[in-house]
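Each remark here refers to the structure printed beneath this line.
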Amino acid sequence: MAMQDYARPWIEVDGIRCMQAISISLKTESGKIEVYTIDGGFTGVTPGPGKCTVSIEYAIPAGGYEVNFQKMCCTTGRHTIQFGVGPLAYVGEGEFMDDDQKMSTKDSASGSVTWVGERSPIQ
């Protein structure tokens, strides 16, 4: 079996590359609505709204935030996310919904944030 290189995902928020990201994920919900009939049971789907959800876990440097996600959650305003996979990327507009920051005696300061935005393909 031949050796192969694999994609390394990256994330940008409003054009700022998140270098302190610990993990990132992109979940796409199609929005398709199942259609059932009495005689046929499941007969297909109809288009629905759908959405993409991006989750970012990040480290908090001693000098302060790279991106202040908590502040973005406290205000209303659209933010652009770029989630790159190799030469392709998801690009969408949406809102930051929640931010959770923590630290313990055995772990450095870190946080996690959830963003919800428009359904769009990686291209």
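Report yes if some residue within region 42-65 is within 30 Å of ALA109 (Cβ to Cβ), outside any strand (DSSP E or B) and of a type in the set (A, V, I, L, M); otherwise report no. Within region 42-65 (the criterion being within 30 Å of ALA109 (Cβ to Cβ), outside any strand (DSSP E or B) and of a type in the set (A, V, I, L, M)), the answer is yes, since at least one residue qualifies.
When region 52-87 is filtered for residues that are free of Cβ contacts under 8 Å to residues at least 60 places away in the same chain, β-branched (Val, Ile, Thr) and touching a Gly at 6+ places or on another chain (Cβ under 8 Å), only ILE60 remains. Checking SER108, SER120, SER112 one by one, the residue that is of a type in the set (Ser, Thr, Tyr), in a strand (DSSP E or B) and within 16 Å of LYS27 (Cα to Cα) is SER112 and no other. Among residues of region 1-24 that are surrounded by 11 or more Cβ atoms within 10 Å (Cβ to Cβ) and assigned to a loop (DSSP other than H, G, I, E, B), those with a Cβ under 8 angstrom from a residue that is modelled with pLDDT of 95 or more and among the polar types (S, T, N, Q), sequence gap 6+ or separate chain, pair up as ASP14/THR80. Restricting attention to region 105-119, the residues that are more than 16 Å from SER23 (Cβ to Cβ) and at pLDDT below 95 add up to 2.
Restricting ILE33, ILE38 to those that are touching a Gly at 6+ places or on another chain (Cβ under 6 Å), among the aliphatic types (A, V, I, L, M) and exposed (fewer than 14 other Cβ atoms within 10 Å of the Cβ) reduces the list to ILE33.
The values are calculated or read from the model by the stated rules, or taken from the named source; none is laboratory data. If you're wondering where the values come from, they're calculated on a predicted model, not measured in any experiment. Heads up, the Cβs are rebuilt from the backbone with ideal geometry, glycines too, and the neighbour counts pull from every protein chain shown.
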